[in-house]
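The values are calculated or read from the model by the stated rules, or taken from the named source; none is laboratory data. Please read all numbers here as calculations on a predicted model, not as lab measurements. Here Cβ is always computed from backbone atoms with ideal geometry, including for glycine, and neighbour counts include all displayed protein chains.
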Amino acid sequence: MEKYHQTEFSPRTGRPSTQLTPLRLTGRHFPDLIPATEKKANPTRQCGICSRARDEREKKIRRGTKYYCADCETPLCVTPCFRIYHTVANS
Ligand SMILES: [Zn+2]
Ligand SMILES: [Zn+2]
């Protein structure tokens, strides 16, 4: 008995390189006032950038902001944090 070896031909499929760009860098985001609640007419939240920063004594910087990005659902100071958050990839 003669066996025929079937050589499987698998054409190399070029994998499409998906660029993982954070969504916040691709869209157009604008600062929005944090919507008022029943309890707070002018609510403030801790800024997502500032809360990660530390002062020279390694203490958390507590800084409230009235603004946030509705698309990112992240509270941010209008300046400079809003711009930093949306332009610096590793911020
Ligand atoms: Zn901030
Ligand atoms: Zn955003």
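What pairs can you find where one residue is in region 37-60 and closer than 15 Å to P75 by Cα and within 13 Å of ligand 1 (Cβ to nearest atom), the other is at pLDDT below 90 and among the polar types (S, T, N, Q), and their Cβ atoms are less than 8 Å apart, with a gap of 6+ or different chains?
Final answer for the pair search is I49/S91.
For the structure I just gave you, tell me whether T87 is more than 9 Å from ligand 1 (Cβ to nearest atom), over 25 Å from A36 (Cα atoms) and under 12 Å from the mean Cα position of the chain (by Cα).
It is true that T87 is more than 9 Å from ligand 1 (Cβ to nearest atom), over 25 Å from A36 (Cα atoms) and under 12 Å from the mean Cα position of the chain (by Cα).
Pick from region 1-51 the residues that are surrounded by 11 or more Cβ atoms within 10 Å (Cβ to Cβ) and assigned to a helix (DSSP H, G or I): which of them is modelled with the lowest pLDDT?
Applying the filter and picking the extreme gives L25.
Residues of region 55-69 being surrounded by fewer than 14 Cβ atoms within 10 Å (Cβ to Cβ) and assigned to a loop (DSSP other than H, G, I, E, B), which ones?
Hits for region 55-69 are D55, E56, R57, E58, K59, I61, R62.
Out of region 70-86, which residues are of a type outside the set (S, T, Y), surrounded by fewer than 20 Cβ atoms within 10 Å (Cβ to Cβ) and assigned to a helix (DSSP H, G or I)?
V78, P80, R83, I84
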